[in-house]
Amino acid sequence: MALLFLSTPERAEVWQPIFAEAGEELIVGEAAVSDPAAVTHILCWKPPDDLARYPNLRGVISSGAGVDQMPPMPDGVALVRTLAPGIEEMVRDWVVMATLMLHRDMPRYLQQQGLGQWSAHPVPLARGTRVAIMGVGRIGQLVARTLGDMGFALSGWSRSGRAVEGMTIFGADDLGAFLAQADILVCLLPLTAQTRGLLNADLFGKLPAGARLVHAGRGAHLDMQALKSALDRGQLTSAMLDVTNPEPLPADHWAWGDPRVCITPHVAASTDHAEGARHALEVIRADRNNMDLPGRVDPRKGY
Ligand code: NDP
Ligand code: OXD
């Protein structure tokens, strides 16, 4: 088996010794492929157009946690997302920071700082403040553990409605009831046909007036104009966005200058090179032994 590596030179420098030590073949770049039939796996953010060039391809591994950028795979080729504890911990850290920033009114205080205003507002307790997490998978559950320790009241919304300790879970059909009790709404969903455009006017209208939004899923979940209207109406108070629609936002976009919105440029996480390499090795070994591939995407669900 050989993995064709289609990512950055910096990442390749870390992967090469890890693969060499593991005794696995790593081919860096398509130009280095002398026999396309030897390639069994590809690591990339987006695959090359001509996957048919690799007749023995068994798996395509996304270099990130998401796979929404990937085209449908040819028959017999598994799509795998990178599972790396570092990704999950980094997003957890960003979401906890963002939740606290909104909970403690930081957008307002940052605006006051710019104006040189010393003006105090009521200080809320975390205890009892309701944080509602859309997507309680690997990252959502990690976030919930930290916010739960801080005293926030936690709920989650998922496709299956599977129980998660310490959270009130709402299933796919209970979105309205879930939203109605969200003081701070956190989006950690994958982008699929079902979730595209979900953060829209209709959804914002179901939140308690004055709710706050933390978004670290994907830009295409969010209708930015609906966000502006919800902020203008007071339906939402403020928002922290790590992902925007589009990315990057154009220079004249309303959100850049809006003090109710804080933006980071899709940096909640970035895959640690060594962790990514170790995960790819696990995928190759599992495949060789006909075991379940860690991070394999279910094509029917799209995540
Ligand atoms: P998981 O696959 O572990 O969890 C996904 C969760 O979303 C599950 O709880 C799943 O439900 C739920 N879900 C999926 N579709 C629906 C739906 N239609 N309705 C309701 N719930 C749904 O993913 P991760 O936690 O690892 O990652 C989540 C997302 O975070 C990624 O897909 C990516 O978009 C984003 N991300 C962003 C990063 C950033 O830098 N901003 C970095 C890494 C990830 P169920 O439990 O029933 O399966
Ligand atoms: C990812 C991301 O999917 O960085 O890993 O968003």
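The values are calculated or read from the model by the stated rules, or taken from the named source; none is laboratory data. What you see is a predicted model, and the numbers here were worked out from it, not measured in a lab. Glycine also receives a Cβ, built like all others from the backbone with ideal geometry; neighbour counts cover every protein chain displayed.
Before moving on, here are some points about what is shown:
- Residue in segment 245-259 that is closer than 21 Å to residue 143 by Cα, more than 16 Å from ligand 2 (Cβ to nearest atom) and touching a Leu at 6+ places or on another chain (Cβ under 9 Å) present: no
- Answer from 199, 207 - the residue that is modelled with pLDDT of 95 or more, crowded, with 18+ Cβ neighbours inside 10 Å and over 18 Å from the mean Cα position of the chain (by Cα): 207
- Filtered residue count, segment 28-69, keeping only those that are away from ligand 2 (no atom under 11 Å from the Cβ) and in contact (Cβ under 8 Å) with a residue 24 or more places away in the chain: 18
Listed here are the residues, each with its yes/no results for (1) of a type in the set (A, V, I, L, M, F, W, C); (2) out of contact with any Phe, Trp or Tyr (no Cβ under 8 Å at 6 or more places or on another chain); (3) not assigned by TED's automatic domain parsing to the domain that holds residue 220.
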site	(1), (2), (3)
19	yes, yes, yes
22	yes, yes, yes
36	no, no, yes
71	no, yes, yes
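- Within segment 271-294, if we keep just the residues that are in a loop (DSSP other than H, G, I, E, B) and closer than 20 Å to residue 8 by Cβ, the residue that is farthest from the chain's Cα centre (by Cα) turns out to be 272.
- Residue check, residue 199 hydrophobic (A, V, I, L, M, F, W, C) and either within 25 Å of residue 26 (Cα to Cα) or within 16 Å of ligand 1 (Cβ to nearest atom) (or both): yes
- Number of the exception - residue 297 against (1) under 25 Å from residue 74 (Cβ atoms); (2) β-branched (Val, Ile, Thr); (3) more than 16 Å from ligand 1 (Cβ to nearest atom): (3)
- Conditions (1) of a type in the set (Gly, Ala, Ser); (2) surrounded by fewer than 23 Cβ atoms within 10 Å (Cβ to Cβ); (3) within 18 Å of the chain's Cα centre (by Cα): number failed by residue 239: (2)
- Candidates 207, 191: the one that is part of a loop (DSSP other than H, G, I, E, B) and without any contact (Cβ under 8 Å) to a residue 60 or more places away in the chain is 207.
- Across segment 210-221, the number of residues qualifying as surrounded by 18 or more Cβ atoms within 10 Å (Cβ to Cβ), of a type in the set (Gly, Ala, Ser) and in a loop (DSSP other than H, G, I, E, B) comes to 2.
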